[in-house]
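Written below as C-alpha cells is the structure these notes are about.
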Amino acid sequence: MRGRGDQLLARSADLTVSDDLHPAYERILDELAPDEARILRYLALSGPQPAVDVRTNRPLGIGSELIASDLSSIPEQAGCRHLNRRRTYTINLARLGLIRVSTDPVELGRYQVLEVQPIVVEALKRAGRAPKVVRKRVALTDFGADFCETVFTLESRENAFTAGAFDSSVHPDTELS
C-alpha cells in the first residue's frame, strides 16, 4: 500500500501526466445500473427533487416508527424500467457519493403532487391514524454533478424528453397517477 501511495504522490508531481478525469469515474460507471444512469441524468437536468419519509405519529414523537423512507417519483420521472428497485438505487447512488438525501425541503408545492402518489398513499395507510410526513430533498452532490457533466451528454430537459431520455409514457411535466 505504501508503494502505491508513493507512486500516487510521484504522479501528482509530474506535470506531464494528464489527470483531467477523476480516477473513480470509470469504476463508478461499472457500478451503476442503467436505471441509475437515468436517475442521475434526470437529476442533472431537473435539479433537486422532493422526497418524503412516512412515520407513525406518537405523542412527542416518542416511539414513532419509520414506515417508508426516501419515497419519491424520481424513478417514474426518469423513466426507470425497474421501479421495484427504487430503494436500492437510492442507496447505491448515495453510497457512491453521487446523490444526497437531506431534510432541506424543496418548494413546498412540489410535495402536493408527490404525497398523492400510490407509493406514498400506501405508506400513509400502513402508518395508521394521523401519520407524519417528513419532507426531504434528493439532489446531486457536487461530485455527482461533475460526474454527470463528465460522463453523460446532457441536453436540455425538453430535448432529453424528445430524444428518449425519459419514458415516453411519463412526460416530466405531467402528474403521475
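Read-outs throughout are calculated quantities, based only on the coordinates presented, and are distinct from any laboratory measurement. The model shown is predicted, which means the values in this text are computed figures rather than measured ones. Every residue, glycine among them, receives a Cβ derived from its backbone with ideal geometry; neighbour counts consider all protein chains shown.
Treating each Cα of region 52-119 as an identical point scatterer and ignoring solvent, apply the Debye formula and state log10 I(q)/I(0) at q = 0.14, 0.20, 0.24, 0.27 Å⁻¹. Log10 I(q)/I(0), no solvent term: -0.53, -1.01, -1.27, -1.35.
I'd like the projected area of region 22-159, averaged over all directions, using the convex hull of its alpha carbons. Report it in nm² with one decimal.
With the hull built on Cα positions only, its mean projection is 9.1 nm².
Remark: the ARG95-ALA33 segment gains 21.0 nm on full extension, using 0.36 nm per residue and subtracting the alpha carbon distance. Annotation for region 24-100: trypsin sites (Lys or Arg not before Pro) lying in DSSP loop with at most 14 further Cβ atoms inside 10 Å of their Cβ are ARG81.
Each residue in PHE143, PHE152 was given a count of other beta-carbon atoms within 10 angstrom of its own, and listing them fewest first yields PHE152, PHE143. Once you list every other residue whose beta carbon is under 13 Å from the beta carbon of ARG87, what net charge do they have if Lys and Arg are +1 and Asp and Glu are -1? Summing Lys/Arg as +1 and Asp/Glu as -1 gives -1. Taking a sphere under 14 Å around the Cβ of ALA33 and counting the other residues whose Cβ falls inside, with K and R at +1 and D and E at -1, yields a net charge of +3.
Within 10 Å of each residue's Cβ, count the other Cβ atoms and sort LEU93, LEU32, LEU66, LEU60 from fewest upward. Working shown, then result.
Details: LEU93 25, LEU32 19, LEU66 13, LEU60 6.
Ordered from fewest to most neighbouring Cβ atoms within 10 Å, LEU93, LEU32, LEU66, LEU60 come out as LEU60, LEU66, LEU32, LEU93.
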